[in-house]
Amino acid sequence: MLNTETVVSTAIKIPFVSENNDTGITTFDTMILRDGVLYTSMVVPVTFTEIGEGLYTLNATFTETGLYTLFIEQNICAYITVRDRTFLSYLVNLEDEALGSWEWNKATNLLTLYRISGGVLSTFNMSDSTVAASRAISI
């Protein structure tokens, strides 16, 4: 059984083996639960690809976040966590904030944080006085 994570609107392939390693099957009895409730709103339908010798992949694109349980032929095949972003994207942002550069334009009171690659990570409106300085997200 597979336990994996994916991002919304990203194609995913879930490997599984057919009962008795049967080949030539084009459709399987499939049921998907989302957060414990039967899920029927897949925008892109589930398809199957035969790899060989009874090994197949279920191909799907999840359009909503949630915790999914995938059943194929009454067997749990996968637990899939669908998120807006991956944990890796959060780690990349943390690394960019820690190791990237920044520029505070005191004429415009705009602080710009740059990624390690040089791209803009975020901008902030700054306020500064002799007593305190603060930043607020720029929209």
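Hey, any hits in the stretch 3-15 for a residue that's at pLDDT 90 or above, under 21 Å from T81 (Cβ atoms) and in contact with a helix residue (DSSP H, G or I) (Cβ under 8 Å, 6 or more places away or on another chain)? Quick ask: steps written out before the conclusion?
From the stretch 3-15, those at pLDDT 90 or above are 3-15; that's our starting set.
With the extra rule that they be under 21 Å from T81 (Cβ atoms), the set shrinks to 3-15.
Now restrict to residues that are in contact with a helix residue (DSSP H, G or I) (Cβ under 8 Å, 6 or more places away or on another chain): 5.
Checked the stretch 3-15: at least one residue is at pLDDT 90 or above, under 21 Å from T81 (Cβ atoms) and in contact with a helix residue (DSSP H, G or I) (Cβ under 8 Å, 6 or more places away or on another chain).
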Meets criteria (under 14 Å from N75 (Cβ atoms) and without any contact (Cβ under 8 Å) to a residue 40 or more places away in the chain) for I51: no
Residue under evaluation W102, criteria (1) touching a residue at least 60 places away in the same chain (Cβ under 8 Å); (2) of a type outside the set (G, A, S); (3) farther than 17 Å from I14 by Cβ; (4) touching a Phe, Trp or Tyr at 6+ places or on another chain (Cβ under 7 Å), criterion not met: (1)
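The values are calculated or read from the model by the stated rules, or taken from the named source; none is laboratory data. Note that the structure is a prediction, hence the values are computed from the model and not measured. Glycine also receives a Cβ, built like all others from the backbone with ideal geometry; neighbour counts cover every protein chain displayed.
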